[in-house]
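Structure first, commentary second.
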Amino acid sequence: METAELLEITLRSLLVAGAATLLAALPAVPLGLWLALKGGGLLGRALLYAGMALPSVVVGLFLYLLLSRSGPLGGLGLLYTPYAMVLAEAVLAFPLIAAFVLSGARGRVEEVRLLVRSLGGKEAQVLPTLFWESRRTLAAALAAGFGGAISEVGAATLVGGDIRHHTRVLTTAIVVETRKGEVEAALALGMVLLGVAFLVTGLLLVLERE
């Protein structure tokens, strides 16, 4: 594989996984904080933990049926595009991010509530204060979501189609090279994937310590 193509695939992997992480975080972070504020109910936790165990191929198949030409969203023309891959990876990252936020924020709710009350604040100010006080947890949650997104292969293959120069990412490229018997190329791609994942999650975890 040429260097230019490797850079293209790596950049696409970063963009797709990054966009998926941000898309998932928009609803996942408020949900995790809200569940923590409400005591982290058993049902909410059970649903999130079940979501974390969702097989990626099942998610991919469901989205494929939605986005295919005969599906209800087929008219959008998203199937076999990076946008479909972003959507699939966001679905998979959502429970990871929400569960991390819930787990990290649960232990701080009473502390934050007392802080707000001591400053003369109202109950409505507890949630935004909890968000700020849980910012380190948020960085860890984003790192977990990004790690899950960039390492995903099943759903990305089903809805992206692994089209060269269009939807091929590092994980699907590894599968292709392995099937061709190009084990050395597959291993090299695997090392790049590990390096990218460690670099980005490492940067997020550095922010966690700030």
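The values are calculated or read from the model by the stated rules, or taken from the named source; none is laboratory data. As the structure is a computational prediction, the values presented were derived from the model and not from experiment. Virtual Cβ from ideal backbone geometry, glycine too; neighbours counted across all protein chains shown.
With the condition kept exactly as written, say whether any residue in the stretch 198-205 is without any contact (Cβ under 8 Å) to a residue 40 or more places away in the chain, part of a helix (DSSP H, G or I), closer than 29 Å to L63 by Cα and not polar (S, T, N, Q). For the stretch 198-205, residues without any contact (Cβ under 8 Å) to a residue 40 or more places away in the chain, part of a helix (DSSP H, G or I), closer than 29 Å to L63 by Cα and not polar (S, T, N, Q): present.
Put simply, of L158, L96 the only residue that is among the hydrophobic types (A, V, I, L, M, F, W, C) and over 14 Å from the mean Cα position of the chain (by Cα) is L158. Screening the stretch 104-129 for residues that are in contact (Cβ under 8 Å) with a residue 24 or more places away in the chain and surrounded by fewer than 23 Cβ atoms within 10 Å (Cβ to Cβ) and picking the one that is farthest from the chain's Cα centre (by Cα) gives V126. Residue under question is L63, and the condition is that it be in a helix (DSSP H, G or I) and either farther than 23 Å from S13 by Cβ or charged (D, E, K, R) (or both); does it hold? Here the answer is no, as L63 does not meet what is asked. When residues in the stretch 66-93 are screened for being part of a helix (DSSP H, G or I) and of a type in the set (V, I, T), 2 of them pass. Being within 30 Å of V112 (Cβ to Cβ) and part of a loop (DSSP other than H, G, I, E, B), is that true of even one residue in the stretch 23-39? Scanning the stretch 23-39, I find at least one residue that is within 30 Å of V112 (Cβ to Cβ) and part of a loop (DSSP other than H, G, I, E, B), so the answer is yes. With respect to (1) surrounded by 18 or more Cβ atoms within 10 Å (Cβ to Cβ); (2) within 18 Å of F100 (Cα to Cα), the lone exception for T172 is condition (2). From the list L127, L96, the lone residue that is farther than 19 Å from A19 by Cα, at pLDDT below 95 and assigned to a helix (DSSP H, G or I) is L127.
Count of the stretch 1-31 residues, restricted to those that are modelled with pLDDT under 90 and either buried (at least 23 other Cβ atoms within 10 Å of the Cβ) or in contact with a Pro (Cβ under 7 Å, 6 or more places away or on another chain) (or both), is 0.
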